[in-house]
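Engineer: Starting off with a structure, shown below.
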Amino acid sequence: MDSDDDQRPEDMVPLSQRPEWSDVIPVHQDDGPNPVVYIAYKPVFEETMNYFRAIYISDERSSRALQLTKEVILLNPGNYTVWHFRRLVLEALNVDLLEELDFVERIAKGNSKNYQIWHHRRWVAEKLGTDATARELQFTKKILSLDAKNYHAWSHRQWVLKALGGWEDELEYCGQLLTDDVFNNSAWNQRYFVITRSPFLGGLRAMRESEVKYTIEAILDNPENESPWRYLRGLYKDDNQSWISDPQISSVCLKVLSLRTNHVLALSMLLDLLCHGFQANQEFRDAIDALKPSNLDSLDPDLAKAVCCVLEHVDPMRVNYWNWRKSKLPLSA
């Protein structure tokens, strides 16, 4: 389809000197008689765009038009008009779209956060259907190995799973990413996406028991890691009663509080539990009393308010927030 993919437009023969373009009259950019800001384009860019305008205006959908879109994209991968026209030409010529995926991958090497590239990639994959599934999952893996939080790659990967399939190994992939970096919040997000959307896992309730165990282990290894705490809460979405009555939840809070370090997130979850009706025993009271700020003689007998007081001390960056939370608690009887 395309040739000389690794050759830069700057190193190619100027279009005005190529016999195959001799019949085309370039269309220059019209900035008006008094342009507000004159842009000094490089000669190769200006010439390439002049020829592109000509074929765009004439709506020429040919092999040379396809080649020209490639040259423009190499000069400016963010030109959405060129990408749009390239799709029209691809469709008209009925070319091998697997080759187009190769082209996009080469462009993406240095432009992995370019919206136009990802939009084009999705269009191609959608045209190919399930024949593209494995390639798209591998492509996003490659991008994510370089930038584990690339939003575009994650968004595309989720689209592939929903539209084309490939769920079978996704939970294992998330597990590997979290083994590599348990602080990878994008991988935690993807894991939640998988357990709630995969047609093979049975849904959130079916996965809850095993996921709670997995998440608690991650919390105990790194109590300061906010992602698994958020994930643990998400496992009980729209089911507060199960959340406050599951002894594993309150137990992990108590275990982290007993460590006397990195307990902000445990205190925060305990506060949420108390606000939703959790009845704490003396062990929790003792754990909170042990964290009493040195400038206080005693803590409020209301455990939720006592937790807020401790949080104001151990999380000074959000002292106003915890003070607000305390003000919203019901008055003690």
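Engineer: Only one of (1) closer than 24 Å to residue 112 by Cβ; (2) surrounded by 15 or more Cβ atoms within 10 Å (Cβ to Cβ); (3) aromatic (Phe, Trp, Tyr) fails for residue 52. Which number is that?
Structural biologist: Tallying (1) closer than 24 Å to residue 112 by Cβ; (2) surrounded by 15 or more Cβ atoms within 10 Å (Cβ to Cβ); (3) aromatic (Phe, Trp, Tyr), residue 52 fails exactly one: (1).
Engineer: Right, here's the next one. Scanning the range 142-151 for residues that are of a type outside the set (S, T, N, Q) and open to solvent by 80 Å² or more (accessible area, probe 1.4 Å), which turns out farthest from residue 184 (Cα to Cα)?
Structural biologist: Applying the filter and picking the extreme gives 142.
Engineer: Does any residue in the range 248-273 that is within 13 Å of residue 286 (Cα to Cα) and open to solvent by less than 70 Å² (accessible area, probe 1.4 Å) come within less than 6 Å, Cβ to Cβ, of a residue that is part of a loop (DSSP other than H, G, I, E, B) and among the β-branched types (Val, Ile, Thr) six or more places away or on a different chain, and which pairs are these?
Structural biologist: Nothing qualifies.
Engineer: Residue under question is residue 194, and the condition is that it be touching a Cys at 6+ places or on another chain (Cβ under 8 Å) and either farther than 30 Å from residue 315 by Cα or open to solvent by 20 Å² or more (accessible area, probe 1.4 Å) (or both); does it hold?
Structural biologist: Considered against the rule, which asks whether it is touching a Cys at 6+ places or on another chain (Cβ under 8 Å) and either farther than 30 Å from residue 315 by Cα or open to solvent by 20 Å² or more (accessible area, probe 1.4 Å) (or both), residue 194 comes out as yes.
Engineer: Within the set of pairs 6+ apart or on separate chains, which have a first residue in the range 176-191 that is under 14 Å from residue 229 (Cβ atoms) and among the β-branched types (Val, Ile, Thr), a second that is open to solvent by less than 30 Å² (accessible area, probe 1.4 Å) and in a loop (DSSP other than H, G, I, E, B), and C-beta atoms under 8 Å apart?
Structural biologist: Hits for this filter: 182/225.
Engineer: Residues to consider are 46, 71, 60; find the one that is within 30 Å of residue 153 (Cβ to Cβ), of a type in the set (Asp, Glu) and surrounded by 11 or more Cβ atoms within 10 Å (Cβ to Cβ).
Structural biologist: 71
Engineer: Continuing with the same structure: Is one or more of the residues making up the range 98-119 part of a helix (DSSP H, G or I), on the phi < 0 side of the Ramachandran plot and of a type in the set (S, T, N, Q)?
Structural biologist: yes
Engineer: Report yes if some residue within the range 223-237 is assigned to a loop (DSSP other than H, G, I, E, B), in contact with a Ser or Thr (Cβ under 6 Å, 6 or more places away or on another chain) and on the phi < 0 side of the Ramachandran plot; otherwise report no.
Structural biologist: yes
Engineer: Would you say residue 182 is crowded, with 16+ Cβ neighbours inside 10 Å, of a type in the set (Val, Ile, Thr) and in contact with a Cys (Cβ under 9 Å, 6 or more places away or on another chain)?
Structural biologist: Judged against the criteria, residue 182 is not a match.
Engineer: Could you please find all residues in the range 287-328 being touching an Asp or Glu at 6+ places or on another chain (Cβ under 7 Å) and modelled with pLDDT of 95 or more?
Structural biologist: 306, 309, 319, 322, 323, listed by residue number.
Engineer: Name every residue in the range 86-110 that is basic (Lys, Arg) and either more than 26 Å from the chain's Cα centre (by Cα) or modelled with pLDDT of 95 or more (or both), in order of residue number.
Structural biologist: 86, 87
Engineer: Inspect all residues belonging to the range 85-92 and state whether any of them is open to solvent by 70 Å² or more (accessible area, probe 1.4 Å), closer than 27 Å to residue 118 by Cβ and of a type in the set (Phe, Trp, Tyr).
Structural biologist: no
Engineer: Please pick out the residue among 122, 135, 157 that is open to solvent by less than 10 Å² (accessible area, probe 1.4 Å) and either among the charged types (D, E, K, R) or modelled with pLDDT under 95 (or both).
Structural biologist: 157
Engineer: Exactly one of these conditions fails for residue 166: (1) touching a Leu at 6+ places or on another chain (Cβ under 8 Å); (2) open to solvent by 30 Å² or more (accessible area, probe 1.4 Å); (3) farther than 17 Å from residue 228 by Cβ. Give me its number.
Structural biologist: Exception for residue 166: condition (2).
Engineer: With the requirement that a residue be part of a helix (DSSP H, G or I) and among the small types (Gly, Ala, Ser), what does the range 157-187 give you?
Structural biologist: 163, 175, 186, 187
Engineer: Let me ask something additional. Hey, can you tell me all the residues within the range 15-28 that are in contact with a helix residue (DSSP H, G or I) (Cβ under 8 Å, 6 or more places away or on another chain) and open to solvent by 80 Å² or more (accessible area, probe 1.4 Å)?
Structural biologist: Correct list: 20, 25, 28.
The values are calculated or read from the model by the stated rules, or taken from the named source; none is laboratory data. Computed from a predicted model, the values in this text were never measured in an experiment. Virtual Cβ from ideal backbone geometry, glycine too; neighbours counted across all protein chains shown. The accessibility values were calculated without ligands, DNA or RNA, using every heavy atom of the protein model including side chains. Shrake-Rupley method; radii C 1.70, N 1.55, O 1.52, S 1.80 Å.
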